[in-house]
Amino acid sequence: MATYTLTTPLRDEDLLKLKVGDVVKLNGTIYTARDAAHKRLCDQLDNNEKLPFELQGAVIYYVGPSPAPEGRPIGAAGPTTSYRMDSYAPRLHSLGVKASIGKGKRSAAVREALQKHVGVYFGATGGAGALLSQCITAAEVIAFDDLGPEAVRKLTVKDFPLLVVNDAHGNEQYAKPNYDL
Amino acid sequence: MKSIKAKDIHDGVVGIVMQAARYLPDDVRSALKTSLENETSDSAREILGQLLENADLAATSGLPLCQDTGVGVFFVELGADVHVEGNLVEIINGAMVEGYEKGLLRKSLCHPLTRKNTGDNSPAVVHVDIVPGDKLKIKHMAKGGGSENMSRCTMLTPAQGWAGIKEFVVRRMAEAGPNPCPPTIVGVGIGGTFDVAPALAKKALFRPVGERNADPEIAAMEEELLAAINELGIGPMGLGGRTTSLDVKIEMRPCHIASLPLAVNVQCHSSRIKEVVL
């Protein structure tokens with residue numbers, strides 16, 4: 001298991017070398033979107049409207065941060081559970097999104113999309129919202145302000161700690177439970 | 001009859017709401033430390049170390065432990081000899097709203113279909129039990145959505161009994177896998193009616209980690225379930241390890257002769273609970 005430092009926008013050659021279990025320190029710009037924002041983004045795609053950010057090479061962080069205290073760019077900002085975005089993710093990957101950040105399992109359709117379009121699913125530590133907030137140096141709402149915590153934010157991150165949970169080669173890092181499901 | 005002023009209740013609830021979001025209870029912190037000592041896998045140790053560091057940072061920085069500061073859930077024990085000067089549920093809801101605003105906590109409630117945010121985290125969920133005495137105890141839980149989504153209830157047949165209960169609970173946790181932010185705390189409600197079992201499961205989560213049910217038979221069932229869940233090997237954040245759950249809590253009460261209601265309420269490791277007694 002290796003450790004890589006990557007900077008956005010991510011390129012296919014960055015992602016093809018990543019294997020499950022690798023640690024990535026991510027730098028650059030990422031965009032927040034969770035349930036309600038995903039619905040709006042896909043509605044915009046349906047209506048051929050311009051999206052609030054460039055999808056090509058983008059990293060989407062599934063998070064709804066708590067309000068920023070004075071003197072800080074953002075409040076607590078850990079990942080939300082990813083499966084709720086599974087119905088939207090393959091479409092976004094087909095349009096150039098390179099990675100998502102969340103916690104928890106992804107569907108077979110998402111795993112296939114990661115292989116087909118060269119993408120990666122990163123895990124961040126759920127419930128470590130105060131700690132992860134320290135790696136966010138700037139935050140700005142760029143769309144859907146009325147959604148409050150679910151608005152799309154442009155974040156600048158420095159050495160944001162991530163684990164490769166699903167790589168572009170069809171592998172998954174989660175432990176298989178000792179149970180016949 | 002003791003009279004309690006609305007303002008005293010309000011101030012007490014604002015306080016516990018703001019504190020719960022930032023201070024991980026000692027029993028949970030201690031359980032995470034014990035798990036860290038017991039884990040041998042690097043990823044499990046790394047995750048547990050991060051969670052303890054996060055708890056320290058939240059306490060000192062004033063940031064919430066987790067961005068999901070949850071639904072404001074309250075279990076109230078209202079002494080039969082207490083007179084509340086006002087509408088208790090309205091006082092608690094108002095105080096919860098103020099605590100979320102002043103504490104810079106995330107407002108996470110919305111219309112179930114339009115998904116429009118209510119804007120102030122209302123309404124609070126308030127359960128009231130009348131108990132003997134002249135005290136008012138208000139217990140608050142900031143309940144996150146990710147773990148709540150992994151919760152389930154079912155109506156088993158009486159013939160399924162304990163084996164059926166164990167199968168349902170363990171299978172649920174196996175299916176939930178990494179989603180509810182393990183290591184989890186599992187609340188199990190057995191009996192009552194269709195509506196009561198989930199409330200029992202949630203009530204169970206208020207009992208400190210490591211404290212067994214006072215009934216020795218139920219205490220043994222808690223230990224059996226905890227061992228079975230930890231045998232799953234899901235581990236912290238689902239990356240493998242010995243600690244899938246920190247504890248299992250069971251609350252039980254009689255049910256209809258035709259029924260065996262069962263509910264599993266999953267709590268993430270960020271078990272934010274705080275109480276005030278007036």
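The values are calculated or read from the model by the stated rules, or taken from the named source; none is laboratory data. Everything numeric in this text was worked out from a predicted model, so none of it was measured. Positions of Cβ are backbone-derived with ideal geometry, glycine not excepted, and every protein chain shown enters the neighbour counts. Keep in mind that these areas ignore ligands, DNA and RNA; they rest on the heavy atoms of the full protein, side chains included. Shrake-Rupley method; radii C 1.70, N 1.55, O 1.52, S 1.80 Å.
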> Which of the residues that make up segment A:94-112 are away from chain B (no Cβ under 12 Å) and either open to solvent by less than 10 Å² (accessible area, probe 1.4 Å) or assigned to a strand (DSSP E or B) (or both)?
Replying inline: A:Gly96, A:Val97, A:Ala99, A:Ser100, A:Ile101, A:Val110
> Condition test on A:Leu45, is it more than 14 Å from chain B (Cβ to nearest Cβ), open to solvent by less than 20 Å² (accessible area, probe 1.4 Å), on the phi < 0 side of the Ramachandran plot and out of contact with any strand residue (DSSP E or B) (no Cβ under 7 Å at 6 or more places or on another chain)?
Replying inline: no
> Which numbered condition trips up A:Pro69, out of (1) open to solvent by less than 20 Å² (accessible area, probe 1.4 Å); (2) more than 11 Å from the chain's Cα centre (by Cα); (3) not hydroxyl-bearing (Ser, Thr, Tyr)?
Replying inline: (1)
>> I want to confirm something. Restricting to segment B:248-277 and keeping residues that are closer than 30 Å to B:Lys5 by Cα and open to solvent by 50 Å² or more (accessible area, probe 1.4 Å), which single residue is nearest to the other protein chains (Cβ to nearest Cβ)?
In response: B:Lys274
>> Among the residues of segment A:123-141, are any away from every other protein chain (no Cβ under 14 Å), buried (at least 21 other Cβ atoms within 10 Å of the Cβ) and outside any strand (DSSP E or B)?
In response: no
> Got at least one residue in segment B:103-114 being open to solvent by less than 40 Å² (accessible area, probe 1.4 Å), free of Cβ contacts under 8 Å to residues at least 40 places away in the same chain, within 23 Å of A:Thr80 (Cα to Cα) and among the charged types (D, E, K, R)?
Replying inline: yes
> From A:Ala33, A:Ala76, A:Ala58, which residue is small (Gly, Ala, Ser), within 11 Å of chain B (Cβ to nearest Cβ) and either in contact (Cβ under 8 Å) with a residue 60 or more places away in the chain or at negative phi (or both)?
Replying inline: A:Ala76
> Conditions: (1) in contact (Cβ under 8 Å) with a residue 24 or more places away in the chain; (2) at negative phi; (3) assigned to a strand (DSSP E or B); (4) more than 12 Å from every other protein chain (Cβ to nearest Cβ). A:Leu163 meets all but one. Number of the miss?
Replying inline: (4)
>> Can you tell me which residue is most open to solvent (accessible area, probe 1.4 Å) among those in segment B:62-101 that are part of a strand (DSSP E or B) and under 28 Å from A:Ile74 (Cβ atoms)?
In response: B:Val71
> Quick one: B:Ile47 ticks every box in (1) open to solvent by 30 Å² or more (accessible area, probe 1.4 Å); (2) more than 15 Å from B:Lys139 (Cα to Cα); (3) not basic (Lys, Arg) bar one, so which box is it?
Replying inline: (1)
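Which is closer than 29 Å to A:Ala175 by Cα, within 19 Å of the chain's Cα centre (by Cα) and at pLDDT 95 or above, of B:Val196, B:Val209, B:Val276?
Working: B:Val196 fails: closer than 29 Å to A:Ala175 by Cα; B:Val276 fails: closer than 29 Å to A:Ala175 by Cα.
Only one candidate qualifies: B:Val209.
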>> Being hydroxyl-bearing (Ser, Thr, Tyr) and open to solvent by 60 Å² or more (accessible area, probe 1.4 Å) is the filter here; which residues of segment B:134-160 pass it?
In response: B:Thr157
> Residue check: is B:Glu53 part of a helix (DSSP H, G or I), within 14 Å of chain A (Cβ to nearest Cβ) and free of Cβ contacts under 8 Å to residues at least 24 places away in the same chain?
Replying inline: yes
>> Report every pair of residues separated by at least 6 positions or lying on different chains whose Cβ atoms are under 6 Å apart, first residue within segment B:59-74 and more than 12 Å from B:Gly146 (Cα to Cα), second among the charged types (D, E, K, R) and open to solvent by less than 10 Å² (accessible area, probe 1.4 Å).
In response: B:Val73/B:Lys143
>> So, B:Gly210, is that one open to solvent by less than 20 Å² (accessible area, probe 1.4 Å) and on the phi > 0 side of the Ramachandran plot or not?
In response: no
> Residue check: is B:Gly191 within 14 Å of another protein chain (Cβ to nearest Cβ) and on the phi > 0 side of the Ramachandran plot?
Replying inline: no
> Does A:Gly170 count as modelled with pLDDT of 95 or more, at the interface with chain B (Cβ under 8 Å from one of its Cβ atoms) and touching a Lys or Arg at 6+ places or on another chain (Cβ under 9 Å)?
Replying inline: no
>> Of the conditions (1) open to solvent by 10 Å² or more (accessible area, probe 1.4 Å); (2) at the interface with chain B (Cβ under 8 Å from one of its Cβ atoms); (3) out of contact with any strand residue (DSSP E or B) (no Cβ under 8 Å at 6 or more places or on another chain); (4) not β-branched (Val, Ile, Thr), A:Gly148 satisfies every one except a single condition; which number is it?
In response: (3)
> Considering A:Lys116, A:Lys154, which residue is open to solvent by 40 Å² or more (accessible area, probe 1.4 Å) and either within 15 Å of the chain's Cα centre (by Cα) or β-branched (Val, Ile, Thr) (or both)?
Replying inline: A:Lys154
> In segment A:68-93, how many residues are part of a loop (DSSP other than H, G, I, E, B) and either among the hydrophobic types (A, V, I, L, M, F, W, C) or out of contact with any Lys or Arg (no Cβ under 7 Å at 6 or more places or on another chain) (or both)?
Replying inline: 13
>> Can you tell me which of (1) under 21 Å from B:Asp68 (Cβ atoms); (2) crowded, with 22+ Cβ neighbours inside 10 Å; (3) out of contact with any Pro (no Cβ under 6 Å at 6 or more places or on another chain); (4) of a type outside the set (Phe, Trp, Tyr) is the one B:Gly241 doesn't meet?
In response: (1)
